[in-house]
Every structure is written in structure tokens, then in C-alpha cells.
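Every read-out reported here was derived from the displayed coordinates using simple, explicitly stated rules and does not represent laboratory data. Since we're looking at a predicted model, the values are computed, not measured. Cβ: placed from backbone, ideal geometry, glycine included. Neighbour counts: every protein chain shown.
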């Protein structure tokens, strides 16, 4: 009888200990911590239960990683589809994506941007950045591929691509529901041609009314256009491009973002070299 009571008590204590460990682990998992495991404290049925729980956690992490990889590949595929209709190369979307991330990473130390550019938000901005010109799929080839300066009327048509991009992404949202990265993609698509002084398009937004994601892309996109050869212009040097960016401080670009660009211009040079047009 005494032995049975001892076994029962021990078993109850092990059950309590197991569920204590499991609940603690699952609570961390719910908060987003993926590198967690239920401790395996014995090579018995409780150890087996812990191993089973850990296997489920690993499967969940693997599934999430697969889903993220699939989403990222889909974003790049869609963005590349738009680029194939343009005079720009696929490397343009990779370079601008990396420029945006480099600027955002530096600006995380600036109190003005700390909340907006949290690690989670910056990751979403980075993932959605390749979709900035998705609206160009709606621009006629006669304008999009014209090997020369656009007329006033043609430029007005071209200026519609930010709105076309946002609408396309809104249609996607209607099918799959609201997703955080699509929210940033819409901001970037619609707002990356807005200017700090309010002279941009399509809405003439000014200053902080322009989403930070779009302000980052504005500088990244202009810089890449400057250093890249196009049918209507030669490639400018980094020094010339930097001077043009500096001239746009407080006019075209957020002054703090220009300061960040100057501080990390070596990263821009590294990115441009790494993703050089082939």
C-alpha cells in the first residue's frame, strides 16, 4: 500500500512537472518564440511526451519557414514579371530592396523612427519592397518601353502606375485577406514618387504624411536610377549621384534619410557591386 502511494505520488508529481514545463513552453511559443523546447527530464513516458511535443514545435517552425520562403519567392516572381516589361533589369529590385533595408537598419537608432522601424516592421518593409513598381504592368508598352523622353501626355499616363499598383494589391487582399506585408507593399507602391516638399505624385503628400516605407524607397529608387545606364541616360558615378541626392535633401527626400544615406554610402556601393547588372 505504501509503495503504491509512493508510486502514485511520484507519478502525480511527474505529471504536474511535465504540464508545468509544457505550459511554459507553449506560452513562449504563443508569444512568437520558436527556439523553445519542453525539457526531457526522464527516459520514460514523460520523456516520450516531451519529445512528441518538441517534434510538433519543430514541424510548426519548419512549416512557417516554408510558408515565408514561398511568400518571398512569390513576391520576387511577381515583381520580376513587372520588371520584364520595363527597361530596368531584375537586379534593380534586388538593389533597391537592399538599399531600403540598409537605410532602415541605420535609422532604427534614431528616436524619430524607432517605433516605425522595429525589427518586425523593417523585415516586412524589406520583403514588400520589390513590389514598388508592380503598377507598371498597367502602362502601355509604347510608353513604358519608349527609348527617349516622354511627352507631357505620356508622362501623365506613366504617373498612374503607383495607383495601379495599389489597386492591384488591394485586389489581392480581397482574395487572401489582410496581410501585414501587403499593407507595406501598398504604401510603397503608391507613395514612392511622393516628395518631402509635397511636389510629388500621385497625391502630393508632404513630409511625415508620406509613409516611412515609401520615403525609404524614394531615395533607394532614385539612387539606383542615377547609377544605372538607361536607354535615355548614361550611368552616373556614385559621387555625382550622391550630390544629386544631397541637392534633394528637404525637397525630394526626408532630411534624416539623406543623412542616413551619407552615413552608410559605403553600404550602397557594396550593394551596387554585389547586385551589378550582368
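Miscellaneous remarks
- Once the Cα gyration tensor of segment 158-265 is diagonalised, semi-axes √(5λ) in Å: 26, 16, 13
- Contact order normalised by residue count of segment 86-156, Cα under 8 Å, 6+ apart, percent: 37
- Listed peptides 113-124, 150-161 by packing density, highest first (mean Cβ within 10 Å): 113-124, 150-161
- Projecting label points 7 angstrom from Cα along Cα→Cβ for residue 263 and residue 246 puts them 1.8 nm apart.
- Base-10 log of normalised Debye intensity for segment 100-236 (one unit scatterer per alpha-carbon) at q = 0.09, 0.14, 0.20 Å⁻¹: -0.29, -0.69, -1.27
- Rounded FRET efficiency, nearest 0.05, which uses the C-beta distance separating residue 123 from residue 230 and R0 of 30 Å: 0.45
- Note on residue 154/residue 105: beta-carbon distance plugged into 1/(1 + (r/R0)^6) with R0 of 51 Å gives a FRET efficiency of 0.85.
- The label point for residue 142 and the one for residue 206, both projected 7 Å from the Cα toward the Cβ, are 3.8 nm apart.
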